[in-house]
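Only one structure is covered here, and it is reproduced in the block below.
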Amino acid sequence: MTYVYEPDAYSQKPIATSYWPTTVVPPTLPKLNGQHQADVAIIGAGFTGLNAAYHLCQTGAKVIVIDAQSPAFGASGRNGGFCCLGGGKISNAALIKSYGADQQRLYRQAEHSAVAYVHDLTAVLGIDIDRHSNGETLLAHSPRAARHLTQIHDEIAADYNVTPTLHTRDDLASLGMRGHFFGGVTTPIGFGLNPQKYLLGLLANTPDLTCFANSPVQAITPVAQGYQLTTPQGSVTAAKFVIATNGYTSEDMFPWMTSRFLPVQSSVIVTEPISPERQKQQGWFSDQMAYDTRFLLHYFRRLPNGRFLFGMRGGLQYTPASEAVIKTTITRNFRRLFPNWRDIRIDHYWSGLVAMNRNLAPYVGEIAGYPGGYAGFGYHGNGVAMGSYAGAILADLITTGSTARTYPKVFQHPPKRYPLGRHRRWLLAPIYRIMPWIEG
Ligand SMILES: Cc1cc2nc3c(=O)[nH]c(=O)nc-3n(C[C@H](O)[C@H](O)[C@H](O)COP(=O)(O)OP(=O)(O)OC[C@H]3O[C@@H](n4cnc5c(N)ncnc54)[C@H](O)[C@@H]3O)c2cc1C
C-alpha cells in the first residue's frame, strides 16, 4: 500500500515505548479469513469506527469492523487523552463567510456536543477512563501572548456560552500551574482520559460486533449487493461501508480519499511518577489539562498516578534519525517549561498520525458518487471528542438518513484535495521552520 510517510510510520515501531499499553490489556482479535456478509462494514477500529459500530449494533444491524492492525493501533490508542473542544481549526470569520452566522454557532455547538457525547457515553457504559480535570487551561507562552488572553476569553464565552476564567501569572502559581507561562484562561469544557481504556471499554460494550484485526482493506469495489471490501485473506460484502481510517489512510485504498487529507505527526512523552514533593517544588500540582498559545502548541497534563504527559507536533519524516531529533526536542521543551523537573526521567516516548483537511474542518458524511459509502476524518489533532461524535453521526445517517445531533453544514462539505499528491507533507516544512523561530 502507498503512504505519505515512510513505511515504518505505519508499523508498530512508533508505539514500541508508548505508555498506554502498560495500563490496559487489549483483546486478541482474529484475522479476516474467507467471505463475510454484513449490513455495514467499517474500515478502522479507532474512535470514529467503534463509535459508529456501537450505535449501529444498538439498532440490530450486522456490523463488521476491519482494522489493518488492531483497535488501539491508530491515533485513538496513542493520543494525549484530551477530550476537549476542537476538531477543526476553521475560524469564525471563515465559517460566517462561507455558511453564515447560524452555521458558525452550530459548529461551535457541535464541538461542545462532542465533549458532552463522550462524557455521557462513558458514564452510561460505566467505562473507567481515569478521568480528571475540569475543562482545560490555555497558558500564554510569552508576555505578548498573555496580552491576547482577554480577547480569547471573550471569544470562548461567546462561542460556547460558558464562563471561562482568566488567570494572571500569580493565579497560576496558586492554582498549582507554575511553569514558564505568563497567564492563562480556563474553559470549563472537557476532561482528560486514558484513551485506550475508553476505546477498549467501548469495544467490550459492543458484544454483537464482529471485529477483525491485522486485515488491511486493499480495495472497495461496488457489487450488486452494495460493496465488497477486500483484504489479503478474505472479503466482506455489505450494503454500506464507512471509512474511519483518518491519518492512517493509504493513498491507494479508495480513490476518493487520495490527497483529501494531510497526515501530520504528533509526539508524546510520559515521565516517571513525580512525587508530591517534586510537584510542589516545580509548582505544578494541578490535575488540570493544559496547552500553550504557540501555533505549534505543547499539550500536557499530570496523570492521576503522578506521571506527567507532554506532547507536541512531530517531525516531517519517520526515520530513526528524525525520531531521535523529535525525542530530544520534546524532552528539551518539557524541561524548559518545567525547569525544576530537569532531572525527572522520561519513561515513555511515542508518535502517531493525525489528519488535517484543507478547509480546516472535519468531514462527516456520505461520499458523493458512492451511495451507501460514508467517511469521517480530519479532526486536526482533536479527535477524542470529535472523532467519537463523528462516528455517532455516521451511525445516525446510515440508519435513518438524518441525525438529530448538531450537524453543521461545514461537516458535510468534502474538503478539496491537497496539492503535491503523496509528497504533500512537505507543505508543512515552511511552517515548522518559521514558527518556532517567530515564537521562540
Ligand atoms: C500523538 C497523538 C496525540 C493526540 N492527542 C490528542 C488529544 O489529546 N486529544 C484529542 O482530541 N485528539 C488527539 N489526537 C488525535 C486523535 O487521537 C485522533 O483525531 C483520533 O484518534 C482519530 O480517530 P479515528 O478513529 O478517526 O482514527 P485512528 O484512531 O487513527 O484509527 C484509524 C484506524 O484505521 C486503521 N486502518 C488504516 N487503514 C486501514 C485499512 N486499509 N484497512 C483497515 N484498517 C485500516 C488503522 O490501523 C487505525 O487503527 C492525537 C493524535 C496523536 C497521534
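What follows is calculated from the coordinates using simple rules that are stated; it is not laboratory data. Only a predicted model underlies this, so the values are computations on that prediction, with no experimental measurement involved. Cβ sites come from the backbone with ideal geometry, for glycine too, and all protein chains shown count toward neighbours.
Can you name the residue in region 229-273 that is within 12 Å of the ligand (Cβ to nearest atom) and part of a helix (DSSP H, G or I) and, of all such residues, is farthest from K13 (Cα to Cα)?
Taking region 229-273 and keeping what is within 12 Å of the ligand (Cβ to nearest atom), we get 229-232, 236, 241-254, 257, 261, 263-270.
Of the ones still in play, those that are also part of a helix (DSSP H, G or I) are 246-248, 257.
Details: N246: 19, G247: 16, Y248: 14, M257: 25 Å.
Looking at the filtered set, the residue picked out is M257.
Mind checking which residues of region 17-36 are in a loop (DSSP other than H, G, I, E, B) and more than 10 Å from the ligand (Cβ to nearest atom)?
Hits for region 17-36 are Y19, T23, V24, V25, P26, P27, T28, L29, P30, K31, N33.
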* Structure fact -> For A45, the lone unmet condition from (1) more than 8 Å from the ligand (Cβ to nearest atom); (2) under 17 Å from the mean Cα position of the chain (by Cα); (3) not in a helix (DSSP H, G or I) is (1)
* Asked: Do the conditions hold for S275, that is, is it among the polar types (S, T, N, Q) and either closer than 29 Å to I367 by Cβ or buried (at least 20 other Cβ atoms within 10 Å of the Cβ) (or both)?
  -> no
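Does A52 satisfy the criteria of being within 12 Å of the ligand (Cβ to nearest atom) and touching an Asp or Glu at 6+ places or on another chain (Cβ under 9 Å)? Reasoning before the result, please.
Numbers: within 12 Å of the ligand (Cβ to nearest atom): yes; touching an Asp or Glu at 6+ places or on another chain (Cβ under 9 Å): no.
When the stated conditions are applied, A52 does not pass them.
Just one of Y418, Y407, Y370, Y379 is assigned to a loop (DSSP other than H, G, I, E, B), over 22 Å from the mean Cα position of the chain (by Cα) and either touching a residue at least 60 places away in the same chain (Cβ under 8 Å) or within 16 Å of the ligand (Cβ to nearest atom) (or both); which is it?
Details: Y418 fails: over 22 Å from the mean Cα position of the chain (by Cα); Y407 fails: over 22 Å from the mean Cα position of the chain (by Cα); Y379 fails: over 22 Å from the mean Cα position of the chain (by Cα).
Going through Y418, Y407, Y370, Y379 in turn, just one is assigned to a loop (DSSP other than H, G, I, E, B), over 22 Å from the mean Cα position of the chain (by Cα) and either touching a residue at least 60 places away in the same chain (Cβ under 8 Å) or within 16 Å of the ligand (Cβ to nearest atom) (or both): Y370.
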* From the options D67, D39, residue that is farther than 15 Å from P216 by Cα, acidic (D, E) and either surrounded by fewer than 22 Cβ atoms within 10 Å (Cβ to Cβ) or within 16 Å of the ligand (Cβ to nearest atom) (or both) -> D39
* Of all residues in region 54-107 being within 18 Å of the chain's Cα centre (by Cα) and part of a helix (DSSP H, G or I), the one that is nearest to Y407 (Cα to Cα) -> Y107
* Please specify each residue of region 341-357 satisfying the condition of being more than 17 Å from the chain's Cα centre (by Cα) and surrounded by 17 or more Cβ atoms within 10 Å (Cβ to Cβ). => W341, I344, I346, H348, Y349
* Asked: If S322 satisfies every condition in (1) within 9 Å of the ligand (Cβ to nearest atom); (2) in a helix (DSSP H, G or I) but one, which is the exception?
  -> (1)
* Asked: Identify, please: which residue in region 109-128 is surrounded by fewer than 21 Cβ atoms within 10 Å (Cβ to Cβ) and in contact (Cβ under 8 Å) with a residue 12 or more places away in the chain and is, among those, farthest from the chain's Cα centre (by Cα)?
  -> L125
